[in-house]
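Q: Before we start, here is the structure in question, set down as structure tokens.
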Ligand code: FES
């Protein structure tokens, strides 16, 4: 089997891999590095369960090849917080019951963190505003910006509440 060497920087750590060049970033993390926090819901870009941050921007890790990310800083849900020291977004999901079965939760949390970063960077925001100045982000804007993350249990109201609270 043909394979290539690739070094990925994930959550601040370099990982050297010898993988089939067709391996997705999601499969590289899950199957080769034991980073199984990112979930595979659909494997074709429709559900957002696999969401990671690449240089701070949200991506569907099932749609991109690991070999394309040698020089990138990748963040997975494992890089946000630990069980003892949750990221504020994770803590807010817990506090607001922002899940039911929990399968989509890692992707939701990573996506929410990326979304707030995008707005903080001054990305166009047609409904609201600058969260860094404390301006509230509306539920409508959260719903639109999180529309790439599906929840089969339909826990959306609590997810929006969790993100609103963390953003405020
Ligand atoms: Fe990647 Fe669904 S598993 S979008």
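Read the figures in this text as sums done on the coordinates, not as results from a lab. Since the model is a prediction, treat every value here as computed from it, not as a measurement. Methodologically, a virtual Cβ is constructed for each residue, glycine included, from the backbone with ideal geometry; neighbour enumeration extends over all protein chains shown.
Q: What whole-number value in cubic angstrom gives the convex hull volume per residue for the C-alpha atoms of segment 4-79? Don't jump to the answer; show the numbers that get you there.
A: On the way: hull volume 5.6 nm³, N = 76.
With only Cα atoms used, segment 4-79 gives 73 Å³ per residue.
Q: What's the center-to-center distance, using Cα atoms, between segment 10-28 and segment 66-119 in Å?
A: 19
Q: Among 27, 18, which comes first, second and so on when ranked by fewest other beta-carbon atoms within 10 Å?
A: The fewest-first ordering by Cβ neighbours comes to 18, 27.
Q: State, as an integer percentage, the relative contact order of the chain based on alpha-carbon contacts under 8 Å between residues 6 or more apart.
A: 22
Q: Right, next: Equivalent ellipsoid semi-axes for the chain, as square roots of 5 times the alpha carbon gyration tensor eigenvalues: give them largest first, rounded to whole Å.
A: Semi-axes, largest first: 28, 16, 14 Å.
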